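Novice: Sharing a structure here in structure tokens format.
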């Protein structure tokens with residue numbers, strides 16, 4: 001056996017290097033960067049509790065709106081991760097899932113969110129095939145799955161169905177606002193106005209309406225034969241035999257219908273739409289008579305900053321000069337500033353900027 005004899009001076013040097021490295025790592029974790037394991041589900045789907053390891057930039061000391069920050073609890077123990085909605089000194093209101101800022105003269109302005117937010121969560125993932133009839137609540141008529149991700153609708157006296165927003169009770173899924181859904185918690189309480197549906201429509205033998213209805217206001221498209229129009233009869237062109245890919249969206253107070261063919265997008269409808277809170281639910285509806293079929297491509301919902309029940313009744317709130325108003329993306333299970341009040345800046349520990357693990361989800365956070 002080979003033994004290596006080290007001189008005391010060498011041992012001291014090695015120990016000194018190891019101590020220096022330990023102090024460097026400790027210093028980085030205290031003042032620069034750290035790796036944080038997410039344990040709570042309040043930031044789903046942006047962060048998955050129990051699996052995600054994220055990069056915490058401790059040197060970031062000035063929060064910005066919509067950033068994800070970690071902060072310590074009131075007793076100083078443990079770290080919590082939420083999204084910053086309001087900055088120090090701002091007067092805010094939360095109404096129907098939207099954030100409003102209030103100026104000194106009392107006027108309010110709705111904070112616009114980027115369209116990318118509505119694309120962060122696809123209701124199809126995870127879940128059954130897009131053509132699964134179980135994803136619809138059939139009110140009348142007949143419906144069956146065809147090949148190629150298609151659904152066929154039939155009913156000489158008419159057909160009507162409402163699209164379920166959730167997937168299944170035993171998987172992570174977006175909260176639906178249709179009474180009778182299979183959501184994880186508090187089913188049927190949410191009015192989620194910001195939503196988009198990608199669908200390929202084909203000429204029909206009869207008439208079919210594809211509608212998004214919220215608060216008594218219905219918007220969508222109508223196909224009669226191969227003629228495409230709005231619900232109020234404005235012509236939008238012809239539907240080719242090969243089908244027409246459409247994206248029907250309500251986002252941040254605007255309604256649009258866009259063709260999404262591989263040759264490029266073309267906007268057919270763009271108009272203002274009031275999505276403030278009111279009576280009624282948000283539903284995707286297919287109705288008509290005769291025979292029709294379509295390919296359901298994707299359903300997406302804006303799951304961020306949507307507050308249910310009493311938690312949305314914050315008419316106006318003044319954030320202190322040295323604090324931030326924070327909330328979780330998964331509003332149904334998040335305990336945050338809506339109930340506990342703003343978080344003092346002194347407790348803000350750093351900005352969460354990147355998912356490091358698991359590898360399949362690794363990347364920079366929006």
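Novice: For residue 348, are the conditions met, namely being at pLDDT 80 or above and in the same structural domain as residue 136 (by TED's automatic domain parsing)?
Specialist: For residue 348, the condition - at pLDDT 80 or above and in the same structural domain as residue 136 (by TED's automatic domain parsing) - is not met.
Novice: Evaluate the following for residue 64: is it surrounded by fewer than 16 Cβ atoms within 10 Å (Cβ to Cβ), modelled with pLDDT under 85 and outside the structural domain of residue 251 (by TED's automatic domain parsing)?
Specialist: no
Novice: Of all residues being touching a helix residue (DSSP H, G or I) at 6+ places or on another chain (Cβ under 9 Å) and surrounded by fewer than 16 Cβ atoms within 10 Å (Cβ to Cβ) in the range 73-94, which is farthest from residue 341 (Cα to Cα)? Just the residue, please.
Specialist: 76
Novice: From the list 184, 151, 231, 197, which residue is buried (at least 17 other Cβ atoms within 10 Å of the Cβ), closer than 27 Å to residue 270 by Cβ and either in contact with a strand residue (DSSP E or B) (Cβ under 7 Å, 6 or more places away or on another chain) or modelled with pLDDT under 75 (or both)?
Specialist: Step by step, each of 184, 151, 231, 197 is checked, and only 197 is buried (at least 17 other Cβ atoms within 10 Å of the Cβ), closer than 27 Å to residue 270 by Cβ and either in contact with a strand residue (DSSP E or B) (Cβ under 7 Å, 6 or more places away or on another chain) or modelled with pLDDT under 75 (or both).
Novice: Criterion first (outside the structural domain of residue 82 (by TED's automatic domain parsing), at pLDDT 75 or above and over 30 Å from residue 246 (Cβ atoms)) does residue 318 satisfy it? Talk me through it step by step, then tell me what you get.
Specialist: Values: outside the structural domain of residue 82 (by TED's automatic domain parsing): yes; at pLDDT 75 or above: yes; over 30 Å from residue 246 (Cβ atoms): yes.
For residue 318, the condition - outside the structural domain of residue 82 (by TED's automatic domain parsing), at pLDDT 75 or above and over 30 Å from residue 246 (Cβ atoms) - is met.
Novice: While we're here: Which one of these is exposed (fewer than 14 other Cβ atoms within 10 Å of the Cβ) and at pLDDT below 95: 254, 265? So that I can check it myself, show each step before the final result.
Specialist: Working: 254 fails: exposed (fewer than 14 other Cβ atoms within 10 Å of the Cβ).
That would be 265, the only listed residue that is exposed (fewer than 14 other Cβ atoms within 10 Å of the Cβ) and at pLDDT below 95.
Novice: Continuing with the same structure: What number of residues within the range 327-347 satisfy the criterion of being touching a residue at least 24 places away in the same chain (Cβ under 8 Å) and part of a loop (DSSP other than H, G, I, E, B)?
Specialist: Number of matching residues: 10.
Novice: Okay, next question. So residue 116 fits all but one of (1) at pLDDT below 80; (2) loosely packed, with under 14 Cβ neighbours inside 10 Å; (3) in a loop (DSSP other than H, G, I, E, B); what number is the exception?
Specialist: Of (1) at pLDDT below 80; (2) loosely packed, with under 14 Cβ neighbours inside 10 Å; (3) in a loop (DSSP other than H, G, I, E, B), only one is false for residue 116: (3).
The values are calculated or read from the model by the stated rules, or taken from the named source; none is laboratory data. Only a predicted model underlies this, so the values are computations on that prediction, with no experimental measurement involved. Using ideal geometry, Cβ is built from the backbone for each residue, glycine included, and neighbour counts are taken over all protein chains shown.
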